[in-house]
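The values are calculated or read from the model by the stated rules, or taken from the named source; none is laboratory data. Just so it is clear, the model here is predicted, and its values are computed rather than measured. As a convention, Cβ positions derive from the backbone with ideal geometry for all residues, glycine included, and neighbour counts pool all protein chains shown.
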Amino acid sequence: MSSSSLVAASDLGPVSNGPGNDPTPTPSTTSTPKSRGRGSRRHAVPVEVPRTEDIESSTTGSNAGFHFHLKPREVKADLDRFVIQQDEAKKVLSVALCDHFQHVRMTREGLKAPFYTKQNVLLLGPTGVGKTHLIRSAAELIGVPFVKADATKFSETGYVGGDVEDLVRDLIRRTGGDVATAEHGIIYLDEIDKIAGRDSGGRDVSGKGVQTNLLKLMEDADVAVVSPNDIMGQVQAVMPRPGQPPRTPGETINTRHILFIVSGAFAGLPGIIRRRLTTAAGVIPPDTDESLMDQAMTADFISFGFEPEFIGRLPVRVACRPLAEKDLFDVMRRSESSLLRQYERAFGAYGITVKWRADGLRRIAHLAAAEGTGARGLMTVCERVLRDFKFELPSTSVDEFAVTRELVEDPKATLAVLLKKTGRR
Ligand SMILES: Nc1ncnc2c1ncn2[C@@H]1O[C@H](COP(=O)(O)OP(=O)(O)OP(=O)(O)O)[C@@H](O)[C@H]1O
Ligand SMILES: [Mg+2]
């Protein structure tokens, strides 16, 4: 093996947009924004993304201190650094987030928008292709109160009044008790497909109850700042808090300006869409699930088990695409959140440097694609391949090894050779 083909993952070239992503050329310089929550993320796109200290939340309810300068292109450029492919979803999300902020800004400036309809977002697509990752990355960027929960949480033990409202109260907690800022936050509900009604292969009947309660929140509801069931919370609420006035008993938070983003894999949906298209005269349905997903209509979601009122409150819908083998390669090589960093850290803790060879990564991507679980398959394969290395190498004098195609294909043999060469400490 030539040493020139050996590269540490961090040296695998500049982090750039993956194929299919924004074609903007990657500059050779990088900058480190002093952003809140983003740590030392590198900017690999020639778009100046405002620092998140510019995105502040007012504690007064006025617009003082609340600035949001990002434009959709800039939000997407930032997402490109972490999420490979999913261009359409990135665009849709960028627009929805910016719209949300512009609306919030104008509201805080006193401009009324009596007929404003929220653009709640539904993100669908197969498992492990970046739905949750996308929203997490966006949440870090925008720096507003953000709450994530699994919709399954509300149906496992049957719906108990107040549960979904706790999402809103969680937003207040995130702001340190600032109700005015929490009123402009974002609630993200994952695994939303699991609260579809039983008839269509969804989770159970209690899902319908959850949908009913959620749809009230999604529109315009007043939620008690302290849960009526939370006796301890009631007592704490009226106690003096440093620098803040005590809560008024019965204080509520309004959900009119809270943006909802929901996502789910919707495994049975392509079949429903195919049936609808087949029964419609003269229509030959597309072959692939992803092309079918693109044609999803409200009626399909209703057949899947959603209440019309619920799905109707999610007007912005976008499907994430499956990740092909080359995309999985890019997830490892180009995404700043690549799992390779995790392995480098784990081995680095014992003074061992991992060098990732392109042929090794290609082989991992190939095996991961066969798993059929999107980018999650990468972790499955890496764990299987590197398990014994993680166990053995810390007790040896090995301080460097390369993940090659040979290693991926026969980890035990490669490890044996390595151990023979170096011996134990
Ligand atoms: N498009 C992508 N680009 C970069 N990394 C990705 C991408 N898709 C997935 N990953 C990686 O795989 C992990 C799992 O992805 P994620 O949690 O977003 O899946 P999901 O689409 O929400 O799947 P599920 O429907 O099973 O919840 C992420 O934490 C991320 O590290
Ligand atoms: Mg997910």
Long-range neighbours under 6 Å by Cβ, at least six apart or interchain, first residue over 12 Å from D78 (Cβ atoms) within region 129-141, second more than 9 Å from ligand 2 (Cβ to nearest atom) and among the hydroxyl-bearing types (S, T, Y): I135/Y188
For residues in region 110-124 being modelled with pLDDT under 90 and within 21 Å of R313 (Cβ to Cβ), which is farthest from ligand 2 (Cβ to nearest atom)? P114
Single residue of R387, R425 found to be among the basic types (K, R), modelled with pLDDT of 95 or more and away from ligand 2 (no atom under 16 Å from the Cβ): R387
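Check T353, T422 and return the single one that is in contact with a strand residue (DSSP E or B) (Cβ under 6 Å, 6 or more places away or on another chain), surrounded by fewer than 16 Cβ atoms within 10 Å (Cβ to Cβ) and without any contact (Cβ under 8 Å) to a residue 40 or more places away in the chain.
Values: T353 fails: without any contact (Cβ under 8 Å) to a residue 40 or more places away in the chain.
Exactly one of T353, T422 is in contact with a strand residue (DSSP E or B) (Cβ under 6 Å, 6 or more places away or on another chain), surrounded by fewer than 16 Cβ atoms within 10 Å (Cβ to Cβ) and without any contact (Cβ under 8 Å) to a residue 40 or more places away in the chain, namely T422.
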Matching residues in region 328-350 - criterion: being part of a helix (DSSP H, G or I), out of contact with any helix residue (DSSP H, G or I) (no Cβ under 8 Å at 6 or more places or on another chain) and surrounded by 21 or more Cβ atoms within 10 Å (Cβ to Cβ): D330
Restricting to region 175-193, name every residue that is outside any loop (DSSP other than H, G, I, E, B) and within 11 Å of ligand 2 (Cβ to nearest atom). Y188, L189, D190, I192, D193
